[in-house]
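Please treat every number below as a calculation from the coordinates, not as lab data. Fair warning: this is a prediction, and the values are worked out from it, not measured in the lab. So basically every Cβ, Gly included, is an ideal-geometry build from the backbone, and we count neighbours across all protein chains shown.
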Amino acid sequence: MTAKDFIETLSLFQSDKELDKVDRYYKGSDKAMKALGVRFADVFSTAKEFTAMPLTAVSQLMKSKYYEVRMGALSILDFQARNKKLSDAGRKALFDFYIDHHDRIDNWDFVDRAAPHVIGEYLVDKKRDILYKLAKARDPWRRRTAMVSTHAFIKRGDVDDTFRIAELLVKDKDEFVNKAVGSWVREAGKRAPKRLTAFLDEYAAHMPAVTLRYAIEKLDAARKKHYLAMRRAG
């Protein structure tokens, strides 16, 4: 399974209707990024077929100027990380690969596709200092990784790191970090409603509007109104 094999297979699904993908979805800073013209469903199905691809070949995919090829690479990482028989050494290799290639993980959906299983699941039973380092990075996509990776912990009812990292990022200047903070405290709040309430009581008045909107999405109308009024007053 080579990078060339993957790209040739993916190219079979090209469609002119999909050529505006970069304009629709890509929000990174790579001015050379282009769309191949492939539906995401076909990107994911092709990635699943290539799950056994070695990381040396995945690394070649990560260098691609095509949006769907890099999404395919991250999807392969995700499928590999979901393998319940994967050794801890194998998980460590995926974790290291993601961190080492983060300069090519420069879009919100690249992060969301792989961070929960590749980063979060690996750290479930380990120290999580790396997430706090990422949360302080200048690169917004690394900051988004820090937040999104906590999904693995939330699933297990462990919300401490979600809220701690959210506190570090609650006044972030980047829209896609704001959305991640709001989304993940909302999800953590489903497991720990009192923690979400405490977080909103402290920060709602001054957090970005989009963060608040995402965070309160599942609250009842009265509580939404309360926190929106707090922000307007703040």
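Quick notes on this one:
- Look at the dipole of the chain built from charges on Cβ: of PRO116, SER64, ILE165, the Cα furthest out on the positive end belongs to ILE165.
- Descending principal axes extents, the chain, alpha-carbon based, whole Å: 56, 41, 30
- Placing dummy labels 7 Å off each Cα toward the beta-carbon, the span from GLU8 to ASP88 is 4.1 nm.
- Magnitude of the charge dipole, region 127-234, Cβ model with Lys/Arg +1 and Asp/Glu -1, debye to 20: 120 debye
- With 5 Å bins from 0: P(r) over region 1-140, alpha-carbon pairs, percent: 2, 10, 21, 23, 20, 13, 8, 3, 1, 0
- For the chain, with +1 on Lys and Arg beta carbons and -1 on Asp and Glu, the positive-most of SER149, PHE40, LEU196 along the dipole: LEU196
- Alpha carbon centroid spacing (whole Å) that separates region 2-33 from region 109-163: 26 Å
- Mean residue ellipticity (222 nm) of the chain, computed from DSSP H runs ≥ 4 via -39,500 (n - 2.57), nearest 500: -18000 deg cm²/dmol
- The charge dipole of the chain, taken about the Cα centre with unit charges on the Cβ atoms of Lys, Arg (+1) and Asp, Glu (-1), comes to about 740 debye, rounded to the nearest 20.
- The tail of the calculated P(r) for region 135-234, taken as Cα-Cα distances beyond 18 Å, holds 39 percent of the pairs.
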